[in-house]
Amino acid sequence: MMKTTLTPGQRAGEMSMENVCKTYGADVLTKEVLKDCSFTLEKGRLTVLVGPSGCGKSTLINVLAGYEKPTSGRVSLDGEPVTGPGPDRLVVFQETALFPWMTTFENVSYGPRVRKELSGRELADTTMQLLKMVGLEDFAGKYPSQLSGGMQRRAELVRAMINHPKVMLMDEPFRGLDAMTRSLMQEYYVRLFEEHRGTNLFVTSELEEGIFLADRLVILTNHPCRVKKIMDVDLPRPREFSVMGSPEYLDIKREALELLHEEAMKSFAAGAVNAADFLEAYSKMGEEQARPKAGKDDGEGQRVTRTGSAYENH
Amino acid sequence: MNDRISRALAGIKNRTRSRTFWRGIFSLTVFTLLWELCTYLKAPIIGNVPAPSEVVSTLAVQLHNTYYWLSWKDSMIRIFTGFIIAQIIGVPLGLFLGANDRAREVLFPIFEIMRPVPPLAWVPVSVIFWPSAEMSMIFVTFLGAFFTVVLNIVEGITSIDVRYIRAAHSLGSSRSDIFWRVLLPASLPSVVVGMTVGMGITWAVVVAAEMVASKTGLGYLTWRGYVAGEFPLIVVGMMSIGIAGYFSSALIRLVGSRFTPWLKTR
Ligand SMILES: Nc1ncnc2c1ncn2[C@@H]1O[C@H](COP(=O)(O)OP(=O)(O)OP(=O)(O)O)[C@@H](O)[C@H]1O
Ligand SMILES: [Mg+2]
């Protein structure tokens, strides 16, 4: 099996979370969202968090970013405790946060401009190069309201990538995109990551997307959110979509689905509404197992139909 | 290629613009004709209003009258002096209160109490308070625009989505970057709304103030028509105030859209 041969970017940092708990409210209204969460974002690797909708993924991101303080436990970046937000951890939010009053160009070049890292010419070149990479060079002078949802997502992705932060925290950045745009975005993102090798955390509720992108996969539980299992994803890089037909990919997927299935059963017992959806998806998975194996014999990896969103609570 | 497209687009835009223009002309014409007809037939209530033909002939006389134009000039000076002073003080104050939580908590209750007092209710007090009638009129005009603009800016800043501020922080903004590049531009649309509304209020205020405290201005012109029993002059005064108010608001909107180019593009 091929290990990643790429080296981490020079600015990549290592971030870790130890026994983090987070509760909201007080007394009888206490809501325990995170419970004893521990994991590490390894230097220069892409860690993916998967978990059902509403399990506390955004809360985890907010704690890592420093926007929210954990109720107990430690969060640290390169050994230093995290006490608040900072430019070393860049967040891409679940909802678009492009500044509506700036053009695409101004948005994307914002980070280096305020930190005064790049001068005029250099900044313009780098920005345009990135915009070209995601197919937005003709939209540099347009405002976000003039872009489609997918274009806004691409702009936001490069607005983050241009900074090469120590750690990049991405909260379901592709949620709400149509399947075509989504797979294009996955490709852009994985290429950008492989080029720069920063430390990345990518949150998703789509398992297939998660495995496709990940070096490591962190599977979360629901009510409260704990780390259920951390899996290494040793698929070859640069990643191609064809990997989704490989037996290694399918093994990981089966294992992950089994874990998520257990979770769903527990939720089911607790009366959660999304469990039924999940069970349906899981039974479909059984049928699917045979197909990609046949695909491999053809010598051509084929794209597996997405079922990942089925356990999400819509 | 691009050139041709943009020329074609400009053509379409011009055509639709002229179509709305002619529709406007049409409705105004119909309105005037109906009005004339009603006064001719002595319809109840409307029959007592001077007919458009009388108004037009009075207007024709007024247009050659320097006094009429002096009324315009005096009202305009009062409006814009009060309005501009209100912006000069109100905009920075609003930004300060919006960006500074503690200052807002301390000072905002004063605004909350003052706001419901209609600017017109300030007229008697300010006539007593200020040494000249001119000053008292400018003062009430100022008040009319001042509260609106301050409240709108504070509202604009405090309702900014926290995501923008968080995004700006994580992209490495300093405190001054957050203010100049995020809070200020994000609040601009509310500033423009505040100014447009404020401009409308200043006209209401100045007209009332002129009727009470002045011997000049469009408000006084209208009032004089009433006192002298020259009913067409009342209508001329009213229409002049309407036109003046319309153009002042249009001016604010024009300037405002220059400052908020991203709102045009929806
Ligand atoms: N400020 C808050 N006060 C109280 N409860 C909160 C707060 N923020 C989040 N929660 C609760 O924490 C739980 C997790 O929320 P969170 O947004 O982290 O979930 P998520 O995994 O990101 O969901 P999704 O996939 O839908 O984005 C939810 O049950 C939510 O109600
Ligand atoms: Mg979320």
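The values are calculated or read from the model by the stated rules, or taken from the named source; none is laboratory data. Just so it is clear, the structure is predicted and the values come from calculations on it, not from any experiment. In this analysis, Cβ positions are derived from the backbone assuming ideal geometry, glycine residues included, and neighbour counts consider all displayed protein chains.
Given the structure, is B:V212 under 20 Å from B:P261 (Cα atoms) and either more than 14 Å from chain A (Cβ to nearest Cβ) or of a type in the set (S, T, Y) (or both)? Give the steps one after another, and end with the answer.
Details: under 20 Å from B:P261 (Cα atoms): no; either more than 14 Å from chain A (Cβ to nearest Cβ) or of a type in the set (S, T, Y) (or both): yes.
Against the criterion (under 20 Å from B:P261 (Cα atoms) and either more than 14 Å from chain A (Cβ to nearest Cβ) or of a type in the set (S, T, Y) (or both)), B:V212 does not qualify.
Quick test for you: out of B:V182, B:V154, pick the one residue that is away from every other protein chain (no Cβ under 14 Å), modelled with pLDDT of 90 or more and within 30 Å of A:N62 (Cβ to Cβ).
Going through B:V182, B:V154 in turn, the sole match is B:V154.
Considering segment A:142-177 alone, what residues qualify as being over 17 Å from the mean Cα position of the chain (by Cα) and assigned to a loop (DSSP other than H, G, I, E, B)?
Result: A:K142, A:Y143, A:L147, A:S148, A:I162, A:N163.
Could you list, in sequence order, the residues of segment A:13-49 that are exposed (fewer than 14 other Cβ atoms within 10 Å of the Cβ) and in a strand (DSSP E or B)? Walk me through it before giving the result.
From segment A:13-49, those exposed (fewer than 14 other Cβ atoms within 10 Å of the Cβ) are A:19, A:24-31; that's our starting set.
Within segment A:13-49, A:N19, A:Y24, A:K31 qualify.
Can you tell me which of (1) closer than 22 Å to A:P173 by Cβ; (2) acidic (D, E); (3) more than 16 Å from ligand 2 (Cβ to nearest atom) is the one A:E95 doesn't meet?
Looking at each condition in turn, A:E95 falls short on (3).
Condition check ((1) free of Cβ contacts under 8 Å to residues at least 12 places away in the same chain; (2) under 28 Å from A:K266 (Cα atoms); (3) in contact with a helix residue (DSSP H, G or I) (Cβ under 9 Å, 6 or more places away or on another chain)) across all residues:
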{"site": "A:K166", "(1), (2), (3)": "no, no, no"}
{"site": "A:D171", "(1), (2), (3)": "no, yes, yes"}
{"site": "A:M185", "(1), (2), (3)": "no, no, yes"}
{"site": "A:Y188", "(1), (2), (3)": "no, no, yes"}
{"site": "A:R191", "(1), (2), (3)": "no, no, yes"}
{"site": "A:F202", "(1), (2), (3)": "no, yes, yes"}
{"site": "A:I219", "(1), (2), (3)": "no, yes, yes"}
{"site": "A:V233", "(1), (2), (3)": "no, yes, yes"}
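Taking segment B:28-79 as the search range and keeping residues that are assigned by TED's automatic domain parsing to the domain that holds B:P232 and of a type in the set (K, R), which one is farthest from B:V235 (Cα to Cα)?
B:R78
Could you please let me know if B:G225 is surrounded by fewer than 22 Cβ atoms within 10 Å (Cβ to Cβ), away from chain A (no Cβ under 14 Å) and either under 19 Å from the mean Cα position of the chain (by Cα) or more than 27 Å from B:F111 (Cα to Cα) (or both)? Give the steps one after another, and end with the answer.
Values: surrounded by fewer than 22 Cβ atoms within 10 Å (Cβ to Cβ): yes; away from chain A (no Cβ under 14 Å): yes; either under 19 Å from the mean Cα position of the chain (by Cα) or more than 27 Å from B:F111 (Cα to Cα) (or both): yes.
Yes.
Quick check, is A:G120 at pLDDT below 90, out of contact with any strand residue (DSSP E or B) (no Cβ under 6 Å at 6 or more places or on another chain) and surrounded by fewer than 15 Cβ atoms within 10 Å (Cβ to Cβ)?
Numbers: at pLDDT below 90: yes; out of contact with any strand residue (DSSP E or B) (no Cβ under 6 Å at 6 or more places or on another chain): yes; surrounded by fewer than 15 Cβ atoms within 10 Å (Cβ to Cβ): yes.
Yes: the conditions hold for A:G120.
Could you list, in sequence order, all residues of segment B:157-179 that are facing chain A (nearest Cβ under 7 Å) and charged (D, E, K, R)?
If the condition is that a residue be facing chain A (nearest Cβ under 7 Å) and charged (D, E, K, R), then B:R163, B:R166, B:D177 are the ones that fit.
Out of A:T40, A:T59, A:T47, which single residue is at pLDDT 85 or above, in contact with an Asp or Glu (Cβ under 9 Å, 6 or more places away or on another chain) and within 9 Å of ligand 1 (Cβ to nearest atom)?
Values: A:T40 fails: within 9 Å of ligand 1 (Cβ to nearest atom); A:T47 fails: within 9 Å of ligand 1 (Cβ to nearest atom).
Just one listed residue meets the conditions, A:T59.
Report, by residue number, each residue of segment A:123-146 that is in contact (Cβ under 8 Å) with a residue 24 or more places away in the chain and surrounded by fewer than 19 Cβ atoms within 10 Å (Cβ to Cβ).
Here is the first cut: in segment A:123-146, the residues in contact (Cβ under 8 Å) with a residue 24 or more places away in the chain are A:126-127, A:130-131, A:133-134, A:136, A:139-145.
Of everything in segment A:123-146, those that are in contact (Cβ under 8 Å) with a residue 24 or more places away in the chain and surrounded by fewer than 19 Cβ atoms within 10 Å (Cβ to Cβ) turn out to be A:T126, A:M133, A:G141, A:K142, A:S145.
Return the residue satisfying two criteria in turn: it lies in segment B:152-164 and is buried (at least 18 other Cβ atoms within 10 Å of the Cβ) and of a type in the set (A, V, I, L, M, F, W, C), and of such residues it is nearest to the chain's Cα centre (by Cα).
So in segment B:152-164, the residues buried (at least 18 other Cβ atoms within 10 Å of the Cβ) come out as B:152-154, B:156-157, B:164.
Next, only the ones that are of a type in the set (A, V, I, L, M, F, W, C) stay: B:153-154, B:157.
Numbers: B:I153: 17, B:V154: 20, B:I157: 22 Å.
In this case the residue turns out to be B:I153.
Counting just the residues of segment A:105-149 that are in contact with a Pro (Cβ under 7 Å, 6 or more places away or on another chain) and either β-branched (V, I, T) or more than 11 Å from chain B (Cβ to nearest Cβ) (or both), which one comes out farthest from B:G172 (Cα to Cα)?
Among those residues, the one meeting the criterion is A:L123.
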